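Nothing in this text is a laboratory measurement; each read-out follows from the coordinates by a stated rule. Since this is a predicted model, take the numbers as computed values, not measurements. Ideal geometry is used to build each Cβ from the backbone, glycine not excepted, and the neighbour counts take in all protein chains shown.
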Amino acid sequence: MSIEKSRALSATADTSRIESPVTVKAYFMCAFAAFGGIFFGYDSGYINGVLGMRYFITLHTGLSPTLLDNKDTADQFTISSSRKSLIVSILSAGTFFGAIIAGDVADFTGRRTTIIIGCGVFIVGVILQTASHSGLGLIVAGRLIAGFGVGFVSAIIILYMSEIAPKRVRGAIVSGYQFCITIGILLASCVDYATENRNDTGSYRIPIAIQMLWAIILAIGLFFLPESPRYFVKRGNIPRATEVLARLRGQPRDSEYIQQELAEIIANHEYELKVTPQGSYFASWANCFKGSLWQGQSNLRRTILGTSMQMMQQWTGVNFIFYFGTTFFQALGTISNPFLISLITTLVNVCSTPISFWTIEKFGRRPLLLWGALGMVICQFIVAIAGTVDGGNPQTVKAEIAFICIFIFFFASTWGPGAWVVIGEIFPLPIRSRGVALSTASNWLWNCIITVITPYMVGADKANMGPKVFFVWGSLCACAFIYAYFLIPETKGLSLEQVDRMLEETTPRTSARWKPHTTFAADMGLTADGTLAPEIVGDIERKGSAV
Ligand code: BGC
């Protein structure tokens, strides 16, 4: 399509017409990217098992395997805490920086390309880890580099999926990403379980190397998927934006629907650029922190909302169960197979997540996050009180485990997917890639902080809180409830551009009642013959090509 033709984009003032109808094939295309969640889950899950593998321990302690073969002595030998902490936490360091940098790369080369680059970086990291033997060098460098790749993938997948998904099912499709995270965690436990008793390097090399498969599948799949049309609008390339939008919606390029959807994205972008003009590289980063703290629509407020949302998700304490569950269940005593219980919590996580595909679109983001936080508070206080009052009783321990499973159910069906869905929706296009990247980096930062702090709260030689640690998680979930009530807006059923307007016109508490009443195209400039004012398209093309 020529630029001249693209300038005559037909546009609409009808708020129900700002998104094209979608074919089944197009739905599948949008959902495929969720596969990237497998990386996230597998990568955070597999290392727990590997660190406990006897062969891996012999390599890192220099002990003879025969000492480890002896059941009486084997449990005494583990890799030193400092080594363990370095091997585990270096991944979060890589993901933190990877996520932040990915935002820039996504604006420069595109969302899809950034994810493919992330897969490449990740594969290099995995090769280094697989090649590692006894020293720390390769495993640490490998996890740092792989972490970088996971950071790229985890931040930009959310951005990509939110930008390409049809508004009616955007929440469900992004929840699919969380579902894949849970499958990744489950897969990691299964692979670790299958290889842990091998007496060769295969015991740890297989679980590490298998991850390359996820990266290869994702990269090849994405290669055939279209780029995000919103990226091309940001770059001022309207013909390409039209082309990819038509592919994504399964419609002809000159369909009126495609034209109207595109016109709305362009008009919204023009509006946003008027509110927050783009400047130099540093100025555009500074834009993420501009505006008043007291106005819900300001960039600063949106950045705080995204980063704090992910912080709250980590504060729920869910990773206490996934990272330290086995040792915690062991310490409760009276349980014969703590590994099995850990596996059950992982399964509850997988099976509960799909419920959110339906509830997040039916009831909305706000109710889900509010009820989820309440459910988690109740379960955690029950576990804490029961464990404190009657912890030695095997029946009480069983009840504690049941409530831990119900807690996981509440997390997996609400805050697990909800936090990712919301961060993909709240940022305006000029700062979206960086906003989502900063929010994802916050997830990894708090993930890391909690992983470092937790052993001090529950370690037998430290605070040794036992089940009382659930008073801490329960209180933090109570904060999440209050936070959700006052700060989380309802974004269900709105296009990303309508979310922008809703944030301007409502408060989180009144947001659910807000209805779109006008389009950006109508506000910014609709000509008498129903097309978007040509100077708007021209302006976007000029500004985009200057980036
Ligand atoms: C969280 C992870 C957590 C996982 C559990 C994700 O949404 O960000 O930290 O391990 O859910 O399913």
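In this structure the amide hydrogen of residue 531, modeled in the peptide plane, comes within under 5 Å of the amide hydrogens of 11, none closer than 5 places in sequence on its chain.
FRET efficiency for residue 518 and residue 97, Cβ-Cβ distance as r, R0 = 41 Å, nearest 0.05?
With a Förster radius of 41 Å, E is 0.50.
In plain terms, the chain from residue 402 to residue 362 could stretch by 11.6 nm, reckoned as 0.36 nm per residue minus the Cα-Cα distance.
Can you tell me how much longer the chain between residue 460 and residue 168 gets when fully stretched, taken as 0.36 nm per residue apart minus their C-alpha distance, in nm with one decimal?
Roughly 100.2 nm would be gained on extension.
Where does helix 256-275 land angle-wise versus the long Cα axis of the chain, in degrees 0 to 90, nearest 10? It is inclined by approximately 80 degrees.
First obtain the Kirkwood hydrodynamic radius of segment 298-420 from its Cα pairs, then insert it into the Stokes-Einstein equation at 10 °C and 1.306 mPa s, and state the resulting D in µm² per second as a whole number. Mind dumping the intermediate values first?
Numbers: Rh = 15.3 Å.
Translational diffusion coefficient: 104 µm²/s.
The listed peptides 152-158, 359-365, 316-322, 439-445, ordered by packing as a protection proxy, come out as 152-158, 439-445, 316-322, 359-365 (highest mean of other Cβ atoms within 10 Å first).
Using only the alpha carbons of segment 211-353, what is the convex hull's orientation-averaged projected area in square nanometres? Walk me through the numbers on the way to the answer.
Numbers: hull surface 56.9 nm².
Value for segment 211-353: 14.2 nm².
How high is the relative contact order of segment 431-547, given as a whole-number percent (alpha carbon pairs under 8 Å, six or more residues apart)?
Details: 46 pairs, mean separation 13.6, N = 117.
The normalised contact order for segment 431-547 reaches 12 percent.
Globularity index of segment 311-362 is 1.39 (Cα radius of gyration / 2.2 N^0.38 Å, N = number of residues).
Remark: 134, 189 ranked as 134, 189, counting other beta-carbon atoms within 10 Å and listing the fewest first. Calculate log10 I(q)/I(0) of segment 167-295 for q = 0.15, 0.19 Å⁻¹, where I(q) comes from the Debye formula with a single equal point scatterer on each Cα and nothing for solvent. Each listed q maps to, in turn, -0.95, -1.13.
Students often get this wrong: which residues of segment 454-475 have the backbone nitrogen under 15 Å from the point 7 angstrom along Cα-to-C-beta of residue 84? Residues passing the 15 Å test: 454-464.
What per residue convex hull volume, in Å³, do the alpha-carbon atoms of segment 288-340 yield?
On the way: hull volume 4.9 nm³, N = 53.
Taking the convex hull of the Cα positions in segment 288-340, it is 92 Å³ per residue.
Hydrodynamic analysis of segment 505-547 uses the Kirkwood radius over alpha carbon pairs. Inserted into Stokes-Einstein at 4 °C and 1.567 mPa s, it gives a translational diffusion coefficient of 101 µm²/s. Computed on the Cα trace of segment 107-223, the radius of gyration divided by the Kirkwood hydrodynamic radius gives Rg/Rh = 1.03. Exposure proxy shown here: for 529, 254, the number of other Cβ atoms within 10 Å sets the order, fewest to most, as 529, 254.
Can you give the Rg/Rh ratio of segment 380-494, where Rg is from the C-alpha atoms and Rh is the Kirkwood radius? With Rg and the Kirkwood Rh in hand, the quotient comes to 1.06.
Can you check what the Kirkwood hydrodynamic radius comes to for the chain, Cα pairs only, in Å to one decimal?
Values: mean 1/r = 0.0412 Å⁻¹.
About 24.3 Å for the chain.
Farthest towards the positive end of the charge dipole of the chain, among the residues 9, 298, 59, is the Cα of 298, using unit charges on the Cβ of Lys, Arg, Asp and Glu.
The helix-based estimate of mean residue ellipticity at 222 nm for the chain, built from -39,500 (n - 2.57) per DSSP H run of four or more residues and divided by its residue count, is -24000 deg cm²/dmol to the nearest 500.
Would you order 491, 327 from fewest to most other beta-carbon atoms within 10 Å of each residue's own beta-carbon? Numbers along the way, then the final one.
Values: 491 25, 327 15.
Lowest count first: 327, 491.
Largest first, the extents of the alpha carbon coordinates of segment 419-547 on the three principal axes equal 75, 37, 17 Å. Gyration tensor over the Cα atoms of segment 361-401: the corresponding equivalent ellipsoid has semi-axes (square roots of 5 times the eigenvalues, largest first) of 30, 9, 4 Å.
For the listed residue pairs 274/492; 492/515; 167/290; 167/274; 398/462, the alpha carbons are over 19 angstrom apart in 274/492; 167/290; 167/274; 398/462. With each label modelled as a point 7 angstrom along the Cα→C-beta vector, the residue 283-residue 504 pair spans 2.2 nm.
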